[in-house]
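Quick notes on the structure that follows.
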Amino acid sequence: MSAAPSLPVRALAALGRPVIAAARATLELWGVLIGTLAGIIRSYGKGGRRPRGAVVAQMYAIGNRSLVFVAVTLGFIGMVMMYQACLQFSRAIGDLSQVGLQFLRLVVSDFGPTLTAMMLATRVGAGIAAEIGSMKVTEQLDALRMSGVLPIDYLLVPRFLASIVMTVALTILGAAIMYGAGGLTAWLSFGVNPRTFFDPAMVQPRHLALGLVKAVTYGAAIPIVSGFCGLRARGSSEGVGWATTAAVVGSSFAVIALDFALSVGALWLFGGDL
Amino acid sequence: MSGRAFVEFVGVEKAFAGKPVLRGMDLAIGKGEILYIIGTSGVGKSVTIKHLVGFLPIDKGEIWFDGQRVDRLDERGFYPVRRRVGMVFQNATLFDAMTLTENVALPLRKHQGLGWKAALADARRRLAQVYLADFADRYPAELSDGMRKRAAIARTLTLAPEVVLFDEPTTGLDPVNARRIDRLIRELSRTLGVTAVVVSHDLPSIMSVADRVAFLYQGRVHALATPAELAASADPIVQQFIAGRSSGPMETPGF
Ligand SMILES: Nc1ncnc2c1ncn2[C@@H]1O[C@H](COP(=O)(O)OP(=O)(O)O)[C@@H](O)[C@H]1O
Ligand SMILES: [Mg+2]
């Protein structure tokens, strides 16, 4: 052993360690994504063994776990938002005829998919991380590998596919409920005629496309981030708890970051007119 | 086959986050032998056997199985090795979400490519062999530790492995069930010629079953001998372990 390293060296090392850890984690996260995509090809390509029933079972689990949750949350947010919007509009402009048009555009291209995905990030993300994490710490993943099964193919591929389908489905439902609840609030609290409110004139195909792209991207990101956290679980139940928390935080953050990135991308694509 | 033993570890080194666990471990295991690996907790016994089936990559050294070098294989390359080398995990690791039959059927389906129906039928037969026919449709959480252990062993044996790695097979079992596991390991070796590598702390089991015992200490095989030789060993560290004395020359991290 030589003398203790000097202060700058130690400072550099202290700075470098988290950077290296973060870089390694990012690499692993990409590895999970690539592995899952490859797993889809392995499972659904020629001669692959399709995980029969597993995708449907996962879709049911996600729907069962989140349907009421998403519907209630988005309904309430729709009401609160519309109440506030009407309040501000009536004070500033005194005209509420545009409120429904603008609201629908926002719900379709942003609030619907993003808020739905935020809810799913907590429910679905925590579920995936807890399941995979506890299988990791109890060596069930190693037992799968002994049985000739790739854990990613067996566990993550069905959850990935199910999550994409269900995020789109629940987004449609959530957006509809949010829009409906908003319209109801505007009508009952501010006397906005539902005919004026429920007018889809402002919604263009690009809004629908953006909403769909967002829903699909979120639906893909949540199981990847959560699966990554679960696969990293270490130790015992404490490690599973940590992985579950990390999955909820990480996939919520991923939804917000992707929302930003996709919105900026869409603005650029459509020349600032959204 | 190049004069190598059936299973051979050569100068294997492994560290986790800079903390060395194995530091140049050499171990040769003969075909059909029952080799016990003993040592204090955290010394690297589980890590050692996991290396053989490729769950963890080694840092340095070589691992040979039946004349083939396996430590450089990738996940796919390890498939054929895992078909021939079975592992019974420490916690009788069954898949929670599957019934016993489905648990046992999984390796049959994946490794041997059996259809689902054929695999399930075969799995039922194998569960009957370990007296679990009545529990074939139960989930692991509904069973006792001993039953889970037996089911896990049945799952491992479905592929007729040439080597079986047991990670603390008797830990947590009552003495009767523990001796049954001992008998099973002996029978596998004597009647089927299976090579058994057993990680254990269970002295009665070691004394009655092992052909040879490898005592792991500070990342190396500190002593390799028959159980009788080990019991009579003059080595103070071995003596301390066998006698189970809390104080002595042995250095254990964390104390
Ligand atoms: N996957 C892993 N990641 C980090 N450290 C590990 C891992 N597996 C084992 N270790 C560490 O290696 C050491 C040896 O572990 P192990 O072989 O399980 O001990 P034992 O001899 O009790 O079976 C322990 O200190 C353990 O914490
Ligand atoms: Mg161990």
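The values are calculated or read from the model by the stated rules, or taken from the named source; none is laboratory data. All values reported here derive from a predicted model rather than from experimental measurement. Don't worry about glycine lacking a Cβ; one is built from the backbone with ideal geometry, like all the others, and counts go over all protein chains shown. Calculation scope for accessible area: heavy atoms of the full protein, side chains included, ligands and nucleic acids excluded. Shrake-Rupley method; radii C 1.70, N 1.55, O 1.52, S 1.80 Å.
Starting from residues that are open to solvent by 10 Å² or more (accessible area, probe 1.4 Å), assigned to a helix (DSSP H, G or I) and away from chain A (no Cβ under 14 Å), keep the ones in the stretch B:148-180 and report whichever is nearest to B:Arg125 (Cα to Cα).
My answer is B:Arg150.
Would you check if there is a residue in the stretch A:203-211 being touching a Pro at 6+ places or on another chain (Cβ under 8 Å) and buried (at least 17 other Cβ atoms within 10 Å of the Cβ)?
Yes: one or more hits.
What are the pairs with Cβ atoms under 6 angstrom where one residue, in the stretch B:34-57, is within 12 Å of another protein chain (Cβ to nearest Cβ) and the other, located anywhere, is in a helix (DSSP H, G or I)? Sequence gap at least six, or different chains.
B:Val53/B:Arg82; B:Phe55/A:Asp142; B:Leu56/B:Lys50
So, restricting to strands (runs of 3 or more DSSP E) that lie completely within the stretch B:23-105, which ones have at least 3 residues that are open to solvent by 10 Å² or more (accessible area, probe 1.4 Å)?
In the stretch B:23-105, the matching strands (runs of 3 or more DSSP E) lie at B:60-65.
Residue check, B:Ala92 against (1) at pLDDT 95 or above; (2) at positive phi, all met but one. Which one?
For B:Ala92, the exception is condition (1).
Matching residues to (1) in contact with a His (Cβ under 7 Å, 6 or more places away or on another chain); (2) open to solvent by 20 Å² or more (accessible area, probe 1.4 Å); (3) within 30 Å of A:Ala254 (Cβ to Cβ):
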{"site": "A:Met146", "(1), (2), (3)": "no, no, no"}
{"site": "A:Ala186", "(1), (2), (3)": "no, no, no"}
{"site": "A:Asp199", "(1), (2), (3)": "no, yes, no"}
{"site": "A:Lys214", "(1), (2), (3)": "no, no, yes"}
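So A:Pro151 passes all but one of these: (1) more than 14 Å from chain B (Cβ to nearest Cβ); (2) open to solvent by 10 Å² or more (accessible area, probe 1.4 Å); (3) more than 30 Å from A:Pro200 (Cα to Cα). Which condition number does it fail?
Going through the list (1) more than 14 Å from chain B (Cβ to nearest Cβ); (2) open to solvent by 10 Å² or more (accessible area, probe 1.4 Å); (3) more than 30 Å from A:Pro200 (Cα to Cα), A:Pro151 breaks only (1).
Give the residues of the stretch A:97-141 that are assigned to a loop (DSSP other than H, G, I, E, B) and crowded, with 19+ Cβ neighbours inside 10 Å, sorted by residue number.
A:Thr138, A:Glu139
Just one of A:Ala181, A:Ala175, A:Ala221 is over 16 Å from the mean Cα position of the chain (by Cα), among the hydrophobic types (A, V, I, L, M, F, W, C), more than 14 Å from every other protein chain (Cβ to nearest Cβ) and in a helix (DSSP H, G or I); which is it?
Result: A:Ala181 is the single residue among A:Ala181, A:Ala175, A:Ala221 that is over 16 Å from the mean Cα position of the chain (by Cα), among the hydrophobic types (A, V, I, L, M, F, W, C), more than 14 Å from every other protein chain (Cβ to nearest Cβ) and in a helix (DSSP H, G or I).
Can you tell me which residues in the stretch B:103-140 are of a type in the set (A, V, I, L, M) and within 14 Å of chain A (Cβ to nearest Cβ)?
B:Val104, B:Ala105, B:Leu106, B:Leu108, B:Leu114, B:Ala119, B:Ala123
Go through the stretch B:75-104 and count every residue that is more than 16 Å from ligand 2 (Cβ to nearest atom) and within 18 Å of A:Tyr154 (Cβ to Cβ).
Total meeting the criteria: 16.
Looking at the stretch B:188-219, which of its residues are assigned to a helix (DSSP H, G or I), away from ligand 2 (no atom under 16 Å from the Cβ) and polar (S, T, N, Q)?
Matches in the stretch B:188-219: B:Ser189, B:Thr191, B:Ser208.
To keep it simple, each residue is scored yes or no on (1) touching a residue at least 12 places away in the same chain (Cβ under 8 Å); (2) open to solvent by 50 Å² or more (accessible area, probe 1.4 Å); (3) within 14 Å of ligand 1 (Cβ to nearest atom).
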residue	(1), (2), (3)
B:Ser205	yes, no, no
B:Phe215	yes, no, yes
B:His222	yes, yes, yes
B:Leu230	yes, no, no
B:Phe241	yes, no, yes
